[in-house]
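What follows draws every value from the coordinates through simple rules; no lab data is involved. Quick caveat, the model's predicted, so the values are computed rather than measured. In this analysis, Cβ positions are derived from the backbone assuming ideal geometry, glycine residues included, and neighbour counts consider all displayed protein chains.
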Amino acid sequence: MHAINRDPLKQALSATALIVGGLVPSHIGFNEARQAATQNWLWAVGDSPLAQTSHGIHFNEFQLDVVQRNYIAHALDTSVARSNQVFAMLFDVKTSTYFDAARDKQL
């Protein structure tokens with residue numbers, strides 16, 4: 001994709017929103033049947049860094065909400081993955097060994 005670099009700030013904001021917040025332009029969607037990204041230019045409107053039809057450099061409330069939801073989803077995925085790692089480590093631990101050692105110390 002070739003961007004018109006009239007306003008490098010807009011391009012920088014758009015790239016940062018994509019990389020940091022997972023925010024894509026509103027005209028880009030995902031087709032489940034084809035398992036591919038699609039473009040519907042009827043949605044390519046608005047005054048934001050993501051809209052190809054404007055010179056805006058401010059994100060709207062919806063876009064900020066999407067970024068916040070992406071952060072929450074990422075945090076949940078990370079915590080589930082970490083919990084699964086801990087459970088996998090605990091699965092290999094022989095509990096009877098630890099209970100026997102604790103019981104022997106108490107006696």
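In terms of modelled amide H atoms, which long-range or inter-chain residues lie less than 5 Å from the amide H of Leu23?
Leu18
Considering the Cα trace of region 8-106, what is its radius of gyration and what is Dmax, both in angstroms?
23.4, 75
What is the order of Ser48, Ser54, fewest Cβ neighbours within 10 Å to most?
By the 10 Å Cβ count, ascending, the order reads Ser54, Ser48.
How do the peptides 30-38, 61-69, 14-22, 74-82 rank, highest first, by the average count of neighbouring beta carbon atoms within 10 Å per residue?
14-22, 61-69, 74-82, 30-38
Amide H neighbours of Gly56 under 5 Å, counting only residues 5+ apart in sequence or on other chains, H built in-plane at 1.01 Å?
Under 5 Å from the amide H of Gly56 lie the amide H atoms of Ser48, each far enough along the sequence or on another chain.
Estimate the FRET efficiency between His74 and Arg103 by the formula 1/(1 + (r/R0)^6), using the beta-carbon distance for r and 35 Å for R0, to the nearest 0.05. Write out the running numbers ahead of the final one.
Working: r = 43 Å, r/R0 = 1.24.
Step by step, r from the Cβ atoms, then E = 0.20.
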